[in-house]
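The values are calculated or read from the model by the stated rules, or taken from the named source; none is laboratory data. Please read all numbers here as calculations on a predicted model, not as lab measurements. Here the Cβ is made from the backbone with ideal geometry for all residues, glycine too, and neighbour counts use every protein chain on show. Only protein heavy atoms, including side chains, enter the accessible area calculation; ligands, DNA and RNA are left aside. Shrake-Rupley method; radii C 1.70, N 1.55, O 1.52, S 1.80 Å.
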Amino acid sequence: MNRTVLIVGAIITAAIVFVLVAGLGKDPRAIHSPLINKPAPPFALKKAGSDEIVDVSQFRGKPLVINFWATWCGPCWEEHPVLTAGARELEGQVQFVGVVFQDDETKILDFLRQRGYAYPTVIDDRGRTAIAYGVGGVPETFFLDAKGTIVAKHDGPLTADLLRENLRKVMR
Amino acid sequence: MFSRARRRIPVALGTMLWFLVSGFWFSSAFAQQTTVPDADQFVGAPKGTPLAGAQLDQRTQQVAGGIRCPVCQGLSVADSPSEMAVNMKAQVRALLARGYTQQQIETYFERSYGQFVLLRPKFQGVNVLVWILPAAALILGVAIVFSKLRKLSTGNRQPTTDNSSEPDDEYLARVRELLSEAKS
């Protein structure tokens, strides 16, 4: 009996240790996106501050960075200069698009006026585009290759290094 | 007369040109509409019956109750007051009103969020363990308890059930001898 208890105990302990080791180094809040390596959901949304419609399909042919953000999100303020600088530096090579949801247009325009902008920002009314992209929080950034396939996704604020690392994947 | 006619031709041409240009501009302006990713692009045409009224409310609550709010801690989009959940619930309602089935709606959300979004995991892959392990543990537990009880009851019964089974036990034989002596 003691031997059986020992074997069962060892199996249960091994299973628990395996689960813990497998989970080490992973962000428990990060949601794996099933959209990686799949075509990006198409959308055409109204540009903030104008009646112009920005259709992302027009950017096909070059890598596209889609950044979901909002003015009420602190980390979005942090990454805004990184994205703006990246868009200016890679103008003509990579297209950037900002998608704002759960926000107010006046606040978006104030934010952009104060902090600068280098790419179009569109408004996702009722968050339908965000839902189609599986957005669970802001900021979240999707990196699309020239064919419109989602190659990478980053949850949380982007640093210059993270931006460069993800861009490398779509600029191959 | 000729000079007036000559003046009228450019005016008429200009007017026509203005109508053409403005017409083109208006038509292109109206052609530009916002489009958002739609369910039929991913799960096809609705396979159910379009719902309305109280039935739609009830079904929305049911279907949204099985979809996890991605910004909450273990809450469904039917129970969470967050804006994200409200938007997702509104989308569930809109899809049910168009005739999408629960399975199609769950597939649509699963396509973008993965199985994480389903509060009731599907019976496939590693998820099978989630369904099987509790039942297996329960059966194992019952089996252990049952075997223990059987052993205990067998152990308790042994001295009383069969008096003639210990003929070699000297101590018992002596006790019986003494008892019979006391009776006589």
Note, region A:100-110: 3J(HN,Hα) by Karplus (6.51, -1.76, 1.60, θ = phi - 60°), whole Hz, Gly/Pro = x, goes 9, 9, 6, 8, 10, 4, 4, 5, 4, 5, 4
Just read off the accessible area of A:I36 with the full protein assembly in place, 1.4 Å probe, to the nearest 10 Å².
-> 50 Å²
Quick one: which residues, 5 or more positions from B:L51 or on another chain, have an amide H under 5 Å from its amide H? H modelled 1.01 Å from N in the peptide plane, none for Pro or chain starts.
-> B:A97, B:R98, B:G99
Proximal charge balance of B:A182 [Cβ under 14 Å; K/R count +1, D/E count -1] = +1
In whole Hz, with x marking every Gly and Pro, tabulate ³J(HN,Hα) for region B:127-138 from phi via Karplus 6.51 cos²θ - 1.76 cosθ + 1.60, θ = phi - 60°.
-> 4, 4, 4, 4, 7, 7, 4, x, 5, 5, 5, 5
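Report for region A:35-170 the percent antiparallel among DSSP-assigned beta bridges with both residues inside it, nearest 5. If you can, show how the numbers build up before the last one.
Numbers: 16 of 26 bridges.
Antiparallel: roughly 60 percent of the beta bridges in region A:35-170.
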Descending accessible area (1.4 Å probe), largest on the left, turns A:R168, B:R98 into A:R168, B:R98
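Once the other residues with Cβ under 15 Å from the Cβ of B:E110 are scored (Lys, Arg +1; Asp, Glu -1), what is the net sum? Numbers along the way, then the final one.
Values: positive: A:K38, B:R68, B:R111, B:R120, B:K122; negative: B:E106.
For residues surrounding B:E110, the net value is +4.
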When the Kirkwood hydrodynamic radius is evaluated over all pairs of different C-alpha atoms of region A:115-168, what value in angstrom, to one decimal, is obtained?
-> 12.7 Å
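Enter the buried accessible area of the A/B pair, total of both sides, probe 1.4 Å, in Å² rounded to the nearest 100.
On the way: alone 10310 and 14350 Å², together 22570 Å².
Buried surface at the A/B interface: approximately 2100 Å².
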Under the Karplus relation 6.51 cos²θ - 1.76 cosθ + 1.60, θ = phi - 60°, what is the ordered set of whole-Hz ³J(HN,Hα) values for region A:36-46, x standing for Gly and Pro?
-> 4, 6, 10, x, 5, x, x, 7, 9, 10, 6
A:L90 long-range amide H proximity, modeled H, under 5 Å = none
Choice from A:A132, A:A22, A:A85 with maximal GNM fluctuation in chain A (Cα, 10 Å cutoff) = A:A22
Of the convex hull drawn through the C-alpha atoms of region B:70-137, the volume per residue in Å³ is 105 Å³
Under a 1.4 Å probe, what is the accessible area of region A:24-172 per residue, stated in Å²?
-> 48 Å²
How far, in degrees from 0 to 90, does helix A:160-170 lean away from the longest principal axis of the Cα atoms of chain A, to the nearest 10?
-> 90 degrees
Would you tell me the accessible area of A:K62, worked out with a 1.4 angstrom probe on the heavy atoms of the protein chains, in Å² to the nearest 10?
-> 60 Å²
Sorted list, accessible surface of protein heavy atoms, 1.4 Å probe, largest first, for A:H154, A:H80 is A:H154, A:H80
With all protein chains present and a 1.4 Å probe, the order of A:L167, A:L6, B:L75 from largest accessible area down is A:L6, B:L75, A:L167
Which pairs break 23 Å Cα to Cα here: A:K38/A:K153; A:K62/A:K153; A:K46/A:K107; A:K62/A:K107?
-> A:K62/A:K107
For chain A, the Cα-Cα pair-distance distribution in 10 Å bins from 0, as whole percents, is 9, 35, 30, 10, 7, 6, 3, 0
